[in-house]
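Inspection log for the structure reproduced underneath, given as structure tokens.
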Amino acid sequence: MAKRRQLRGFDLKQIEGVAGLIGVDEAGRGALAGPVVAGAVLVTKEFLDGRWATTKAARVNDSKQLTPAEREELWLEFETLAAQGQIHAHFGVADVAEIEQFNILGATKLAMRRAIAGIYPPEAFERKSEPDLFASSEEVAAFQPTVSARILIDGLALRNFPYPHTGIISGDARSLSIAMASIIAKVTRDRLMNELDGQFPGYGFGQHKGYGTEEHREAVLRRGRCVQHRDLFLRKLFAQHTDPAQMDFL
């Protein structure tokens, strides 16, 4: 519990000198199937000093450490906080086609960009003037939004990411805003995977959420892939599989 209480204290230090703090995290990066989803949560000093953060933030933790019921309950509270204007929250999704096109890292960046872009308040972003049609390629490449909020992303800092940010290793266990974003990403993706379970029955998407469990691997071997499976991930998974009936995976 003491470790959880440190989440708010960490953000109070990080928010010094800026108008807000945006925590960002993803869910589904290592799955064999389904989209990758990112969550983003903007908090202010007023929120961190407010009643909810001081009395209830101890219930927030890395989404993987919470039960589905606990995540859903917190999601409802986040919706209330957002409706009251105490926080701003959004999510971004990159689908399987985009994962195949940009690889999983590129798709994760895309989902994070979409999540951050969904937080629109003027106090959060102050964009430079966009380059016009006659701008040079150097000017176009140099264009980046200027952010008055500090962005914290779980994990290592990202190269070629259009928003200035700080990577926080194990950020979902250190930062309240990242932990909140983690919950939003996880709940959103779980709901999407439950929908896919109805569209593509027999794989167990509703149970394992697309991750490479033994049951999932056996289902793929038995039924073959569906359009929600990530080809590159399956190639790696079955690289050592020698059953001739499954050579279409390789």
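FYI, it's all coordinate maths here, none of it is from the lab. Predicted model only: the values in this text are computed from it and were never measured. Because the Cβ atoms are built from the backbone with ideal geometry, glycine has one as well, and the counts that use them run over all protein chains shown.
Looking only at the range 25-33, decide whether some residue is over 14 Å from the mean Cα position of the chain (by Cα), free of Cβ contacts under 8 Å to residues at least 60 places away in the same chain and closer than 30 Å to Tyr203 by Cα. Looking through the range 25-33, none of the residues is over 14 Å from the mean Cα position of the chain (by Cα), free of Cβ contacts under 8 Å to residues at least 60 places away in the same chain and closer than 30 Å to Tyr203 by Cα.
Residues of the range 172-212 that are small (Gly, Ala, Ser) and crowded, with 24+ Cβ neighbours inside 10 Å: Ser175, Ser177, Ala179, Ala181, Ser182, Ala185, Gly210.
List, please: which pairs have Cβ atoms under 9 Å, are six or more places apart or on different chains, and start with a residue in the range 173-189 that is outside any helix (DSSP H, G or I) and end with one that is among the β-branched types (Val, Ile, Thr) and surrounded by fewer than 24 Cβ atoms within 10 Å (Cβ to Cβ)? Pairs found: Arg174/Ile168; Ser175/Ile168.
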